[in-house]
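A.B. asks: Quick one: this structure, given as structure tokens, is what I'll be asking you about.
Coordinate-derived values only; no laboratory data. Computed from a predicted model, the values in this text were never measured in an experiment. Every residue, glycine as well, gets a Cβ built from its backbone with ideal geometry; the counts of neighbours run over all protein chains shown.
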4 protein chains.
Amino acid sequence: MNIAKVQQAAVLLFARQGFAATGIRELGAAAGINSATLYHYAGSKEELLVQVMRTCLEAMINSGASALRISAEPTIQLAALVSSHVGFTATNPLTARVAEYEMRALSPVNTTAMQKLRDDYESLFAQVLERGMRVGDFSTEDTTMARLALMEMGTGVAHWYRPDGRLALAEVQHNFVAMAFKILSAKRSLLEGIDYIHPPPVVASEPISIPWPTLA
Amino acid sequence: MNIAKVQQAAVLLFARQGFAATGIRELGAAAGINSATLYHYAGSKEELLVQVMRTCLEAMINSGASALRISAEPTIQLAALVSSHVGFTATNPLTARVAEYEMRALSPVNTTAMQKLRDDYESLFAQVLERGMRVGDFSTEDTTMARLALMEMGTGVAHWYRPDGRLALAEVQHNFVAMAFKILSAKRSLLEGIDYIHPPPVVASEPISIPWPTLA
Amino acid sequence: MNIAKVQQAAVLLFARQGFAATGIRELGAAAGINSATLYHYAGSKEELLVQVMRTCLEAMINSGASALRISAEPTIQLAALVSSHVGFTATNPLTARVAEYEMRALSPVNTTAMQKLRDDYESLFAQVLERGMRVGDFSTEDTTMARLALMEMGTGVAHWYRPDGRLALAEVQHNFVAMAFKILSAKRSLLEGIDYIHPPPVVASEPISIPWPTLA
Amino acid sequence: MNIAKVQQAAVLLFARQGFAATGIRELGAAAGINSATLYHYAGSKEELLVQVMRTCLEAMINSGASALRISAEPTIQLAALVSSHVGFTATNPLTARVAEYEMRALSPVNTTAMQKLRDDYESLFAQVLERGMRVGDFSTEDTTMARLALMEMGTGVAHWYRPDGRLALAEVQHNFVAMAFKILSAKRSLLEGIDYIHPPPVVASEPISIPWPTLA
DNA sequence: AATGAATGAGTCTTCATTCAT
DNA sequence: CATGAATGAAGACTCATTCAT
């Protein structure tokens, strides 16, 4: 029995039903253990959620931060960051969704800590956009709104992408990069010859082979 | 005492904490009535949620459908639909959020009914995009993905827009229309002289004067 | 259904098994109600105990304080106080025992409050002894030790006295007064013609007709 | 690691919080071992208590019985027995308290065995008093009540005595003997030249150097 | 229309205990 | 001798819901 299995069961149920609607007996059953045994892996139901969220957010930050390091050009950074975001979200859709939706389930002290990580992640986007705007690579009427739209768009991938679906991950990533470039009126030509797509990490808490409603 | 007050209390708490994490005693307290009295307004906690969701989704459909009626031109329809979507979401952020997030809290029979309404609403976007693509007004590599991105973007407005914030609603609407046009490579010139923005309805369940974290 | 019945059931079980060893389902069953209904009468199991203890200690203080008021003579006050103490303990043996034994079951904040009441009660004895020693009515090698022995002795009555036993309450009271006078070398002659025995109060939490092991 | 340490930890916690309120993980932690290891020293939590109680009660009986052997005179026996009781209680206050309070925590079969020991111990007092009354050395209105008062008084020492306090143990013993003599109208002159105080045994389960609230 | 009292089933968590290592 | 992992039962408490008033 290992902790990843417990976390995967948790993420699966939290994503489907929500944290509050998931009982720990249910969690135990899904992980194949007695509910009391859960308390060997996490001190409480909330701590189980925190573990999952922290791991997820830290992986997103790492992935995003390393995307920014592939170039000093905001345009290339944008492409890398968006494809990192979309790639991560599509690869770990359930974990990503839990990390986003269930912030509200946390007690105040954990909210603070997790919100900090979320803010750190969002600031990656803010930095790139701000620099791109400053140097004239991007153009938009409102940088903040563009950033929010961009992120929301990408996050939405978790709602419908699935590995065995109509679209390959790389296609989705390219398409989202294309949309992002359009929104910001960035020049796609600058991307030519640049390999801005890196394989996204798979977090331990992401369940595999989930039954999932198909994208029409 | 009227039902709107009860629904507003419900939406406020459901939006903040989620349906499952909100107790019926808590709902009563927030509405200023005894929890038992809630059962005069709704047969069960779930029915209270269904009332709210149904009203919200029907209002969104009405609003979207009437937006499509202002013209036969896909380009103008798109602008009207996007601004309707953004306007509704910004005007009824909590109700809209509950209608989106809490679908999973419903029992199967209610899920079917509500998902039907949600699908009807989404099909408005699908129709416009499909026609616009067909007649060559829009251009995108993947219509489905564009539609999903567009909707998600607009829905995200509920997370940050607030009436007394930095931006007026009309500005937000224009900006989102602009982004949508960019994504679809639609011609903004076709909008000249067209008043595609209509005042969004306020649903009865939307609470007023919510304390809300400001958009930085 | 009234709260006294709940408190009586609680006292009966707390006295027999201790607070920690008594479950709330057990409490409910003993009171003839569902365990959840207990929470209409007390916010928690501990609060139920606090209610009982506070009422008991306040009644002891009142009883003791009014005993001191029957005379200004320390000798007479002593007789009245001892007979009050013994009378109260014998009349409310279970409640008194719970009030004494279960102090340790309280959370810190309640411990403070209850210990204050207990200290107030004990200080009644300290006052009388101190004055009696000062004016030469009493004689002992160590006033503190005498006070502790006196109180402990009287409290012990809760362990064995029962109304339908070999001894009438008044006999027990007279005998304990006699022992107290011996310990303090006080003159019993000063009591002649003085009615220092008052009927003890019955607290609401004291169960009636308890099965009880007879005094051999 | 030896069993005494385990018993001392148990006594410390049982005395502070009671048997029922003490968990075995807590016991393990206090003894510096894993909770599972406890089962090498005692077959169950209750057996651990029984060990402690039995050892304590047997030591009390031995101590009391040998006190009676120092003379055939009831008066001298009384002094020896009271000083043995007080000495034992003051020397092993926590163990003595556990042995007294936690009888109720035992299962029926153990209750019988332990109550037998307790009764044996109490009968030492009963014997001495009965003989002393018969031969006219003592005088009291009710022998049973006197015995109960005497024992309760002495047992109460566990609540307040501490080695580094205001009073030396011998002082306390002498004082309690004096009080006992007063209660029974026994002649102290008969004690002259008799060394009725023997060093009390220290039972293995008694914890050392306990933080203890001072006697005012 | 409104509510206080009541409850069975449920919540999360801890319990004492066992056992393979 | 020692322990980490495991568990069924029980812990206190809250739940949504009903109903007489």
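A.B. asks: Defining a contact as two alpha carbons under 8 Å apart and six or more residues distant in sequence, what relative contact order in percent does region A:9-125 show?
C.D. replies: Relative contact order, region A:9-125: 31 percent.
A.B. asks: Now for a different question. Can you give the average number of partner chain beta-carbon atoms within 10 Å of each beta-carbon in peptide C:149-155, as a whole number?
C.D. replies: 6
A.B. asks: Something else now. Between C:H159 and D:I3, what is the label-to-label distance in nm when each label sits 7 Å out along the Cα-to-Cβ direction?
C.D. replies: Each label point lies 7 Å from its Cα, and together they span 2.8 nm.
A.B. asks: Where the centroid of each part is defined by its Cα atoms, how far is region A:42-99 from region B:84-125 in Å?
C.D. replies: What the calculation gives is 27 Å, centre to centre.
A.B. asks: With +1 on each Lys and Arg Cβ and -1 on each Asp and Glu Cβ, how big is the dipole of region B:64-216 about its Cα centre, in debye rounded to the nearest 20?
C.D. replies: Using Cβ point charges on Lys, Arg, Asp and Glu, region B:64-216 gives about 40 debye.
A.B. asks: Got a sec? Which residues in region C:89-117 would a label at C:R54 touch, if it sits 7 Å along Cα→Cβ and we count backbone N under 14 Å?
C.D. replies: Taking a point 7 Å out along Cα→Cβ of C:R54, the residues of region C:89-117 whose backbone N falls under 14 Å are C:107, C:109-117.
A.B. asks: Next up: What net charge is computed for the residues neighbouring A:A29, neighbours being all others with C-beta under 15 Å from the C-beta of A:A29, Lys and Arg scored +1, Asp and Glu -1?
C.D. replies: Summing Lys and Arg as +1 and Asp and Glu as -1 gives +3.
A.B. asks: Let a ≥ b ≥ c be the square roots of the eigenvalues of the Cα gyration tensor of the protein assembly as shown; is it rounded (a/c under 1.5), or, if not, prolate (a/b larger than b/c) or oblate?
C.D. replies: Since a/c reaches 1.5 and a/b is larger than b/c, the shape of the protein assembly as shown is classed as prolate.
A.B. asks: Return the sequence-ordered ³J(HN,Hα) values of region C:145-160 in whole Hz as given by the Karplus equation 6.51 cos²θ - 1.76 cosθ + 1.60 applied to θ = phi - 60°, using x for Gly and Pro.
C.D. replies: Ordered by residue, 3J(HN,Hα) equals 5, 4, 5, 4, 4, 4, 5, 4, 3, x, 4, x, 3, 4, 6, 9 Hz.
A.B. asks: Is region D:64-216 best put as rounded, prolate or oblate by its Cα gyration tensor, with a ≥ b ≥ c the root eigenvalues, rounded for a/c under 1.5, and otherwise prolate when a/b is larger than b/c, oblate when not?
C.D. replies: Taking the square roots of the gyration eigenvalues as a ≥ b ≥ c, region D:64-216 is oblate.
A.B. asks: How many nm separate the modelled label positions at B:R25 and D:E46, each set 7 Å beyond the Cα in the direction of the Cβ?
C.D. replies: With each label point 7 Å from Cα toward Cβ, the separation is 3.6 nm.
A.B. asks: While we're looking at this one, here's another question. Taking Cα pairs under 8 Å and at least six residues apart, what relative contact order does region B:50-191 come out at, in percent?
C.D. replies: 35 percent
A.B. asks: Can you show me the helix-derived [θ] at 222 nm for the protein assembly as shown, built from DSSP H runs with n ≥ 4 at -39,500 (n - 2.57) apiece and divided by the number of residues, rounded to the nearest 500.
C.D. replies: Result for the protein assembly as shown: -20500 deg cm²/dmol, rounded to the nearest 500.
A.B. asks: Picking from B:A113, B:A90, B:A31, which is most flexible by a Gaussian network model of chain B using Cα springs under 10 Å?
C.D. replies: Largest GNM mean-square fluctuation: B:A113.
A.B. asks: On full extension of the chain, what length is gained from A:Y39 through A:T144, given 0.36 nm per residue of separation minus the C-alpha to C-alpha distance?
C.D. replies: Roughly 33.6 nm would be gained on extension.
A.B. asks: Can you run phi through the Karplus equation (6.51, -1.76, 1.60; θ = phi - 60°) for region B:42-53 and list ³J(HN,Hα) in whole Hz, with x for Gly and Pro?
C.D. replies: The phi angles translate into 8, x, 7, 4, 5, 5, 4, 5, 4, 3, 4, 5 Hz.
A.B. asks: Calculated FRET efficiency, B:A72 and B:K116, Cβ-Cβ r, R0 22 Å, to nearest 0.05?
C.D. replies: Approximately 0.25, to the nearest 0.05.
A.B. asks: By the scheme Lys and Arg +1, Asp and Glu -1, what is the net charge of all other residues having a beta-carbon under 11 Å from that of A:A180?
C.D. replies: Counting the neighbours of A:A180, the net charge comes to +4.
A.B. asks: Classify region B:144-204 as rounded, prolate or oblate, taking a ≥ b ≥ c as the square roots of the eigenvalues of its Cα gyration tensor: rounded when a/c is under 1.5, otherwise prolate if a/b is larger than b/c and oblate if not.
C.D. replies: Since a/c reaches 1.5 but b/c is at least a/b, the shape of region B:144-204 is classed as oblate.
A.B. asks: In whole Hz, what ³J(HN,Hα) sequence does region D:12-28 give by Karplus (6.51, -1.76, 1.60; θ = phi - 60°), x for Gly and Pro?
C.D. replies: 4, 6, 4, 5, 6, 10, x, 4, 5, 8, 9, x, 7, 5, 4, 4, x
A.B. asks: While we're here: If you put +1 on each Lys and Arg Cβ and -1 on each Asp and Glu Cβ, how big is the dipole of the protein assembly as shown around its Cα centre, in Debye rounded to 20?
C.D. replies: In total the dipole reaches around 340 debye.
A.B. asks: First measure r as the distance between the Cβ atoms of D:M133 and D:E171, then evaluate 1/(1 + (r/R0)^6) with R0 = 35 Å and state the FRET efficiency to the nearest 0.05.
C.D. replies: 0.80
A.B. asks: Related question: Do any of C:K5/C:K116; D:K5/D:K45; D:K45/D:K116; C:K187/D:K187; A:K116/A:K187 go past 25 Å between their Cα atoms, and which?
C.D. replies: Among C:K5/C:K116; D:K5/D:K45; D:K45/D:K116; C:K187/D:K187; A:K116/A:K187, the Cα-Cα distance tops 25 Å for C:K5/C:K116; A:K116/A:K187.
A.B. asks: Only Cα pairs within less than 10 Å get springs; with that Gaussian network setup on chain D, which residue of D:A59, D:A178, D:A36 has the largest fluctuation?
C.D. replies: Highest fluctuation of the listed residues: D:A36.
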